[in-house]
1. Sort out which residues of the range 1-18 are open to solvent by 90 Å² or more (accessible area, probe 1.4 Å), in a helix (DSSP H, G or I), among the hydrophobic types (A, V, I, L, M, F, W, C) and in contact with a helix residue (DSSP H, G or I) (Cβ under 8 Å, 6 or more places away or on another chain), and write them in order of number.
2. Only one of Ser21, Ser67, Ser34 is under 19 Å from Leu6 (Cβ atoms) and hydroxyl-bearing (Ser, Thr, Tyr). Can you tell me which?
3. Between a first residue in the range 19-47 that is hydroxyl-bearing (Ser, Thr, Tyr) and assigned to a helix (DSSP H, G or I) and a second residue that is surrounded by 14 or more Cβ atoms within 10 Å (Cβ to Cβ) and modelled with pLDDT of 90 or more, which pairs have beta carbons less than 7 Å apart while being 6 or more apart in sequence or on different chains?
4. Among the residues in the range 67-76, are any surrounded by 13 or more Cβ atoms within 10 Å (Cβ to Cβ), in contact (Cβ under 8 Å) with a residue 24 or more places away in the chain and under 15 Å from Ile18 (Cβ atoms)?
5. From the list Ile45, Ile63, exactly one residue is open to solvent by less than 80 Å² (accessible area, probe 1.4 Å), closer than 16 Å to Gly14 by Cβ, among the aliphatic types (A, V, I, L, M) and modelled with pLDDT of 90 or more. Which is it?
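The values are calculated or read from the model by the stated rules, or taken from the named source; none is laboratory data. These figures come from a predicted structure and were not determined experimentally. All Cβ positions, glycine included, derive from the backbone under ideal geometry; neighbour counts span all protein chains shown. Remember, those area values only see protein heavy atoms, side chains included, never the ligands or the DNA or RNA. Shrake-Rupley method; radii C 1.70, N 1.55, O 1.52, S 1.80 Å.
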Amino acid sequence: MKRKLLHRYVFFIGLSLIFISTLMFLFGVGMFTSRGDFSKFTLTIAEFCFILWLPSFILGIIICLISLLLKNKTSKHPK
């Protein structure tokens, strides 16, 4: 992997983590407010999604910031 493209891969990983955490939040809230007979597995997954959406969102933001720092470090500024 080229060093110049590293920040791009890291940035897309951060964006996908932010997107997945948003889906986790929506699924957790949807299952929290829903009524009905759901399987135990679905309820357990919803609980974990609702608990872990915020840490994964924060981690995605941190990874995106790291990729921006990598981009600034690897780019050459003409003087």
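1. Applying the first criterion (open to solvent by 90 Å² or more (accessible area, probe 1.4 Å)) to the range 1-18 yields 1-4, 8-9, 12-13.
Checking the rest, the ones that are also in a helix (DSSP H, G or I) come to 3-4, 8-9, 12-13.
Next, from what is left, pick out any that are among the hydrophobic types (A, V, I, L, M, F, W, C): 12-13.
Matches in the range 1-18: Ile13 only.
2. Values: Ser21 fails: under 19 Å from Leu6 (Cβ atoms); Ser34 fails: under 19 Å from Leu6 (Cβ atoms).
Going through Ser21, Ser67, Ser34 in turn, just one is under 19 Å from Leu6 (Cβ atoms) and hydroxyl-bearing (Ser, Thr, Tyr): Ser67.
3. From residues that are hydroxyl-bearing (Ser, Thr, Tyr) and assigned to a helix (DSSP H, G or I), the pairs are Ser21/Trp53; Ser21/Ser56; Ser21/Phe57; Ser21/Gly60.
4. So far as the range 67-76 goes, yes, one or more of its residues are surrounded by 13 or more Cβ atoms within 10 Å (Cβ to Cβ), in contact (Cβ under 8 Å) with a residue 24 or more places away in the chain and under 15 Å from Ile18 (Cβ atoms).
5. Answer to the check: Ile63.
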